[in-house]
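What follows is one structure encoded as structure tokens, with my remarks underneath.
The values are calculated or read from the model by the stated rules, or taken from the named source; none is laboratory data. As the structure is a prediction and not an experimental result, all values here were calculated from the model. FYI the Cβ positions are ideal-geometry reconstructions off the backbone, even for glycines, and counts take in every protein chain you see. Accessible surface areas use protein heavy atoms only, side chains included; no ligands, DNA or RNA. Shrake-Rupley method; radii C 1.70, N 1.55, O 1.52, S 1.80 Å.
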Amino acid sequence: MRSYCYPALTPEEQISLLVQKGLIITDLENAKRWLKHVGYFRLNVYMRHFKDYNGREGRFLEGTDFKHIIDLYSFDRDLRDIIFDGIEMIEVAVKSLISDRMSCKHGPHWYLNSSNFTSSYDSAGLESFLKENCNQQSDYHFIRGYMREFTTPEFPPSWMIMELLTFGKISLMFEHLGDPEVRNDICHYFGSAKNLLPSWLHAFTFIRNKCAHHSKLVFTTTPIRPVMPIRQNKRFLNEAEIVDNASLYCILACMQFVISKIDPDARFKERLLNLIAKFPDFDYRQMGFTPEWQKEDLFLISNPSQQYYSPTPGGRELLS
């Protein structure tokens with residue numbers, strides 16, 4: 001352990017340091033704006049992919065321009081927007097399906113009955129959450145309205161409660177649903193085997209939280225790996241054998257598969273492909289994209305004359 005002794009640097013001093021480390025900066029004013037409005041620390045997360053750390057000083061790879069860093073940052077920012085919108089669609093659909101299926105079969109307040117969950121579900125944690133968030137001071141007018149008008153049951157019906165729950169709580173709720181018929185019905189709706197969807201929802205939650213906190217996504221690996229279908233007739237990727245389940249590509253593929261079941265006309269795929277086309281110089285293999293990903297049915301485009309970037313050798317090599 002040692003004392004922290006690094007001083008704060010002005011944007012001008014930061015630029016001088018970057019140049020000393022071999023970064024090419026041709027537009028000093030533009031670089032200064034980025035360093036002021038985004039910050040050296042946040043941009044440094046992206047700079048590391050352009051550095052050689054064989055030496056302690058971490059010099060930039062030869063030919064690295066400040067624009068390369070901004071391009072990677074901009075790609076990541078736009079990717080977060082696309083993913084966040086896609087996960088919103090998935091989250092809303094999952095909430096609706098759980099509430100509708102369980103309410104019609106077990107009543108509007110099914111979630112208050114612990115027998116509707118597996119024994120390992122934290123029913124006490126859910127009850128504690130409800131007591132904290134369901135009162136006449138709630139930010140939600142429909143919660144306040146219920147609490148004013150009704151004395152029993154103690155909490156509002158399922159379709160109201162779903163609006164309060166985070167995606168993380170929803171994914172856990174789905175995993176621990178005690179009615180296998182409802183679970184299987186929802187999995188079937190998404191074209192997923194019953195043992196796959198829970199892992200996908202947990203992985204989506206991890207990525208969603210990174211998006212919400214504006215964290216870097218490029219070269220991200222998820223500690224919660226989506227389980228991919230093994231049977232040939234259930235696979236939705238031809239190159240499934242070589243897909244890294246912890247990669248960003250695997251998450252994107254699972255998201256596109258689920259979104260296509262919710263809304264075949266959703267623009268998630270289109271926006272993703274357009275973003276990749278906008279930044280063709282990245283080596284997308286480092287994000288887990290497989291050599292023939294562009295030929296996957298999941299990512300085929302309706303206009304075959306429109307060409308999108310395919311990650312083949314020749315893209316700018318980054319240090320992941």
A 1.4 Å probe over the protein heavy atoms gives the chain a carbon and sulfur accessible-area percentage of 50
Using a Cα-Cα cut-off of under 21 Å, which lysines could be cross-linked to LYS131, ignoring same-chain neighbours fewer than 8 residues away? LYS95, LYS169
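Under 1.5 on a/c is rounded, so check that first for region 130-250, then, if it is not, pick prolate when a/b is larger than b/c and oblate when it is not; a ≥ b ≥ c are the square roots of the alpha carbon gyration tensor eigenvalues. Please list the in-between numbers first.
On the way: a/c = 3.96, a/b = 1.79, b/c = 2.21.
Verdict is oblate for region 130-250.
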Whole angstrom only: what separates the Cα centroid of region 1-26 from the Cα centroid of region 153-180? 49
Interatomic Cα distance distribution for the chain, bins of 20 angstrom, percent: 27, 47, 25, 2
Residue-level accessible surface for GLU127, protein heavy atoms, 1.4 Å, Å²: 90
Where a Cα-Cα gap under 24 Å defines reach, which lysines qualify for LYS278, not counting those fewer than 8 residues away within the same chain? LYS51, LYS67, LYS210, LYS216, LYS269, LYS295
Grab the Cα-Cα distance for GLN20 and THR118, subtract it from 0.36 nm times how many residues apart they are, and report the gain in nm with one decimal. 29.3 nm
Give a residue-ordered list of calculated ³J(HN,Hα) values for region 172-188 (Karplus: 6.51 cos²θ - 1.76 cosθ + 1.60, θ = phi - 60°; whole Hz; x for Gly, Pro). 5, 4, 5, 4, 9, 4, x, 9, x, 5, 5, 4, 5, 4, 5, 4, 4
At each listed q (0.12, 0.17, 0.19, 0.26 Å⁻¹), what is the log10 of I(q)/I(0) that the Debye formula gives for region 234-289 modelled as equal alpha-carbon point scatterers? -0.31, -0.62, -0.76, -1.17
Answer rounded, prolate or oblate for region 1-99, using the Cα gyration tensor with square roots of eigenvalues a ≥ b ≥ c: rounded when a/c is under 1.5, else prolate when a/b is larger than b/c, else oblate. prolate
Please arrange THR221, THR205, THR118, THR151 by accessible surface area, largest first, computed with a 1.4 Å probe and ligands excluded. THR151, THR221, THR118, THR205
Rounded to the nearest 10 Å², the accessible area of HIS214 using a 1.4 Å probe with every protein chain kept is 110
Within region 33-114, report the GluC sites (Glu not before Pro) that DSSP leaves as loop and that have at most 16 other Cβ atoms within 10 Å. GLU57, GLU62
Counting each DSSP H run of 4 or more residues in the chain as -39500 (n - 2.57), what helix-only mean residue ellipticity at 222 nm follows after dividing by all residues, to the nearest 500 deg cm²/dmol? -15000 deg cm²/dmol
Return one whole number: the accessible area per residue of region 2-66 in Å², for a 1.4 Å probe. 68
